[in-house]
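The values are calculated or read from the model by the stated rules, or taken from the named source; none is laboratory data. Note that this is a predicted model, so its numbers are computed, not measured. No Cβ is skipped: glycine too gets one built from the backbone with ideal geometry, and neighbour counts run over all protein chains shown.
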Amino acid sequence: MTQLMTIERFILQQQARFPDATGTLTNLLYDIALAAKLIASEIRRFGLGDIVGAAGTENVHGERQQKLDVFADEVIVRMNDHTGRLAAMASEEHEEIIEVAPRYGSGKYVLLYDPLDGSSNIDVNVSVGTIFSVHRRITSGPVGTLQDLLQPGRSLAVAGYVIYGSSTMLVYSTGTGVHGFTLDLSLGEFLLSHPNMRFPEKPLYYSANHGHEKHWTPGVRRYVKELQGLHGTGKPPLSHRYTGSLVADFHRNLLRGGVFVYPGEVGGGDKPNGKLRLTYEGQAVAFIAEQAGGRASDGIGDLLDIQPHTLHQRTPCFVGNKELVDQAEEFVAQYDHEWRGQYLPYRQREAQLGTR
Ligand code: AHG
Ligand code: MN
Ligand code: MN
């Protein structure tokens, strides 16, 4: 019989490779895996729609009324606020930093997360996800601070996501490759199903919201035409796939090869810095991409090198196979000069405005 590798066993084996490890990160990952199981179970029940309410189970019905992203957020907060492992958290669902009471001990780590990513897909039975990342604490006061949460992605200790799709998968990296686990519902365990995930060399897909094309810069438009094989270079075109759920699009591209594109908008578009949040969306996928042989960029430079200034700041994002992301930067550098005033200095502008 082949040996089943549960996520617990795998993480412990990984930990054993680092003699100084205290097990805190290991336990933190267990906590996140448990939160993922709870969220997955609620998402599955959500599919029952009004049938659950009609059955008269008020409690369940009441829970179902709650927006799932708020539910997911509460699960993650409750799972992590008393363990002593964390000093603070930041979530898409909280405007401000979530402080962790010092009575539980001042943890060495801080957690950033998007509890439910792609939540507009929930009602229509399309995959959604949870994105998480963990930084080591850099301040030493009684509680964690913004400074701990606002660090470049390069210094992440862990990044990962959970995809609630035809099966539930947890994919994470601690900086030693990317590993994927599939939830076995009969066992209630995440089992190692995708060790050492790497972007395939030959990409198949690109993912972008073409509905926003009129607001793309000339460089991004030309880049996407290049991906479509329209520049006569003889390269085969990539197929287009887009779900509106970063986790699902990123996951597909990781397995099949490709690039996810959400650029900054110009010419009257209302997303000068794109849509994705730098801290709890962009950095996490950038970290995983790099660990899987790919990379991420904001169109100018590596996303992992950007110093965030606010919790909810947005960033343009090109993430996937390395050569496709390199190419995006080349097109932006070559064709977007005329937008320099409006688009290229968005990093600085974002810092000045401190906008959400
Ligand atoms: P969230 O549901 O957490 O707000 O994130 C949605 C994000 C991301 O998952 C997705 O890639 C993007 O929004 C889709 O945006 P468009 O609908 O503008 O394409
Ligand atoms: Mn999201
Ligand atoms: Mn969300």
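Quick notes on this one:
- So residue 264, is it under 18 Å from residue 300 (Cα atoms) and either within 13 Å of ligand 1 (Cβ to nearest atom) or at pLDDT 95 or above (or both): yes
- Only listed residue being within 16 Å of ligand 3 (Cβ to nearest atom), without any contact (Cβ under 8 Å) to a residue 60 or more places away in the chain and under 28 Å from residue 241 (Cβ atoms), chosen from 166, 119: 119
- For the range 267-285, the count of residues that are of a type in the set (A, V, I, L, M), within 14 Å of residue 321 (Cβ to Cβ) and either within 16 Å of ligand 2 (Cβ to nearest atom) or touching a Pro at 6+ places or on another chain (Cβ under 8 Å) (or both) is nonzero.
- Subset of the range 69-83 (residues that are touching a residue at least 12 places away in the same chain (Cβ under 8 Å) and assigned to a helix (DSSP H, G or I)): 69, 70, 71, 72, 73, 75, 76, 77, 79, 80
- Residue tally, condition surrounded by fewer than 24 Cβ atoms within 10 Å (Cβ to Cβ) and within 16 Å of ligand 3 (Cβ to nearest atom), over the range 281-313: 3
- Scoring residue 186 on the criteria (1) touching a Ser or Thr at 6+ places or on another chain (Cβ under 9 Å); (2) polar (S, T, N, Q); (3) within 21 Å of residue 42 (Cβ to Cβ) leaves a single failure, condition (1).
- Taken as a whole, the condition of being within 22 Å of the chain's Cα centre (by Cα), closer than 20 Å to residue 286 by Cβ and within 16 Å of ligand 3 (Cβ to nearest atom) does not apply to residue 178.
Conditions (1) crowded, with 22+ Cβ neighbours inside 10 Å; (2) without any contact (Cβ under 8 Å) to a residue 12 or more places away in the chain, marked per residue:
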{"site": "214", "(1), (2)": "no, no"}
{"site": "229", "(1), (2)": "no, yes"}
{"site": "232", "(1), (2)": "no, yes"}
{"site": "237", "(1), (2)": "no, yes"}
{"site": "240", "(1), (2)": "no, no"}
{"site": "249", "(1), (2)": "yes, no"}
{"site": "262", "(1), (2)": "yes, no"}
{"site": "271", "(1), (2)": "no, no"}
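- Residue within the range 293-300 that is within 14 Å of ligand 1 (Cβ to nearest atom) and touching a residue at least 24 places away in the same chain (Cβ under 8 Å) present: yes
- Test result for residue 99, within 14 Å of ligand 2 (Cβ to nearest atom) and acidic (Asp, Glu): no
- Wholly enclosed strands (runs of 3 or more DSSP E) of the range 84-171 bearing at least 3 residues out of contact with any Leu (no Cβ under 7 Å at 6 or more places or on another chain) and within 14 Å of ligand 1 (Cβ to nearest atom): 109-117, 156-164
- Residue that is surrounded by the fewest Cβ atoms within 10 Å (Cβ to Cβ), among those in the range 81-113 that are of a type in the set (Phe, Trp, Tyr) and at pLDDT 90 or above: 109
To keep it simple, each residue is scored yes or no on (1) in a helix (DSSP H, G or I); (2) of a type in the set (S, T, N, Q).
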position	(1), (2)
243	no, yes
259	no, no
270	no, no
281	yes, no
286	yes, no
296	no, no
308	no, no
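- Residue within the range 73-80 that is at pLDDT below 95, surrounded by 15 or more Cβ atoms within 10 Å (Cβ to Cβ), within 16 Å of ligand 2 (Cβ to nearest atom) and not assigned by TED's automatic domain parsing to the domain that holds residue 303 present: no
- Filter result for residue 172 (crowded, with 24+ Cβ neighbours inside 10 Å, outside the structural domain of residue 308 (by TED's automatic domain parsing), touching a residue at least 40 places away in the same chain (Cβ under 8 Å) and within 28 Å of residue 13 (Cα to Cα)): yes
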